[in-house]
Amino acid sequence: MNPDLGLATEINLAVRLAMGLVLGAVIGFERELQRQPAGFRTHSLVALGAALFGGGDNVDPTRIAAQIVSGIGFIGAGTILQYRGHIRGLTTAASLWAVAAIGMAAGAGLFITALIGTALILVILRIFDWVEDRARRRLKIGAGGYDLPKEPIPDEGRSEDLS
């Protein structure tokens, strides 16, 4: 059964979807410029999808949000890579998670919140990256990334099968 939404309601929903798409695309473009595993298209699709799920008035927003957050966890996990003893992609995974929230806000019609959230994400991705690089150079700290342990983790504290 399709509800009769009316033209004004359909236009409002279309604007919400477009807002989610555009804001996700902006953040994705920044990730694309940084040559990260998830870029322009992935961020755009995540934000649009979240806006689509959250764009109705007859939905329970808490249930939808819970499902989006857990679903994005799987996509984000796919962007985390191990390469030569370093872990990469954590920031991109976090940006996908944040873009889903931007899409949910846009889908709910919270345009100012979505715009401010997008601006803050871009500040984190661009300006914080610049600050981190300058601090590393000034403090003579090595390149970014998280090193994996080179030795096996000791068995202390692990449960053993006693059978």
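Figures for the structure shown
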| read-out | value |
| --- | --- |
| Residues that are of a type in the set (A, V, I, L, M) and either under 11 Å from the mean Cα position of the chain (by Cα) or closer than 13 Å to Leu96 by Cβ (or both), drawn from the range 26-47 | Ile27, Ala38, Leu45, Val46, Ala47 |
| Residue count for the range 98-120, restricted to those that are surrounded by fewer than 16 Cβ atoms within 10 Å (Cβ to Cβ), within 20 Å of Ile68 (Cα to Cα) and free of Cβ contacts under 8 Å to residues at least 40 places away in the same chain | 1 |
| Only listed residue being among the hydrophobic types (A, V, I, L, M, F, W, C), under 19 Å from Ala105 (Cβ atoms) and surrounded by 15 or more Cβ atoms within 10 Å (Cβ to Cβ), chosen from Ala47, Ala38 | Ala47 |
| Those residues of the range 96-114 which are more than 18 Å from the chain's Cα centre (by Cα) and β-branched (Val, Ile, Thr), in sequence order | Ile112 |
| Residue selected from the range 1-20 under the condition aliphatic (A, V, I, L, M) and without any contact (Cβ under 8 Å) to a residue 40 or more places away in the chain, by the criterion surrounded by the fewest Cβ atoms within 10 Å (Cβ to Cβ) | Met1 |
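Read-outs: derived from the displayed coordinates by stated rules, not from any lab. In this text the structure is predicted, and so the values were computed from the model without any measurement. FYI the Cβ positions are ideal-geometry reconstructions off the backbone, even for glycines, and counts take in every protein chain you see.
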